[in-house]
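Chemist: What follows is a single structure, and I will ask about it in a moment.
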Amino acid sequence: MTMRLRTWDYRSPGFYFVTACTAARRPLFGEVALGRMHMTPVGAIARDALSRLDGRDGRIECAVVMPDHVHLLLAITKARGRSLSLFVRDYKALVTHGCRAAGLVGVDVAVWQRGFHDRVIRNDQELDALRRYIETNPLRWSLARASGGAST
């Protein structure tokens, strides 16, 4: 079942908040300690793949790679260009192919959970709030873990 807005064209210029999770929420990308993300080689590939997406009908406003997920704010800049789904598909493929080429995961190992979560950003206040959410995600992760809470 999709949670997409039925009347929205996901190729439309605008800002989108995206969360993509690892398969089974495995902490493939690293660990957070004292509010800072410490990446594994797989996490470094996930981080570096973000810059390879930047500029292809859109730009990455900000992003964070967490142990078991990635958050990003994507600005689609070209009308009727690539859709949000294509951006996410390309990102996941870059990471998966990079990990396999480096021998970090086998061909039988899924890196990503199927699909992704998204939100269409409707105004500057929402954009600013989500930018802060992304920037503070490692710190909030540490605080949640220290108090016995779930990941963010």
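The values are calculated or read from the model by the stated rules, or taken from the named source; none is laboratory data. Computed from a predicted model, the values in this text were never measured in an experiment. Virtual Cβ from ideal backbone geometry, glycine too; neighbours counted across all protein chains shown.
Chemist: Within the stretch 13-36, restricting attention to residues that are of a type in the set (A, V, I, L, M), assigned to a strand (DSSP E or B) and touching a strand residue (DSSP E or B) at 6+ places or on another chain (Cβ under 6 Å), which residue is nearest to Val120 (Cα to Cα)?
Modeler: Val18
Chemist: Further question on the same structure: Just need a number here: residues in the stretch 114-127 that are touching a residue at least 60 places away in the same chain (Cβ under 8 Å) and either among the acidic types (Asp, Glu) or closer than 13 Å to Leu53 by Cβ (or both).
Modeler: Going through the stretch 114-127 one residue at a time, the tally reaches 1.
Chemist: Give just the number: which of (1) surrounded by fewer than 19 Cβ atoms within 10 Å (Cβ to Cβ); (2) modelled with pLDDT under 95; (3) in contact with a strand residue (DSSP E or B) (Cβ under 9 Å, 6 or more places away or on another chain) does Gly58 not satisfy?
Modeler: (1)
Chemist: If you go through the stretch 91-113 one residue at a time, do you hit one that is farther than 24 Å from Glu31 by Cβ and touching a residue at least 12 places away in the same chain (Cβ under 8 Å)?
Modeler: no
Chemist: Could you count how many residues in the stretch 37-63 are under 21 Å from Ala102 (Cα atoms) and outside any strand (DSSP E or B)?
Modeler: 14
Chemist: Also, I was wondering about something else. Can you tell me which residue is farthest from the chain's Cα centre (by Cα) among those in the stretch 95-146 that are over 21 Å from Thr22 (Cβ atoms), modelled with pLDDT under 95 and part of a helix (DSSP H, G or I)?
Modeler: Out of the qualifying residues, it is Ala146.
Chemist: Same structure again: Looking only at the stretch 64-94, filter to residues that are assigned to a loop (DSSP other than H, G, I, E, B), farther than 22 Å from Arg131 by Cβ and not basic (Lys, Arg); which one of those is modelled with the highest pLDDT?
Modeler: Here the residue is Ser83.
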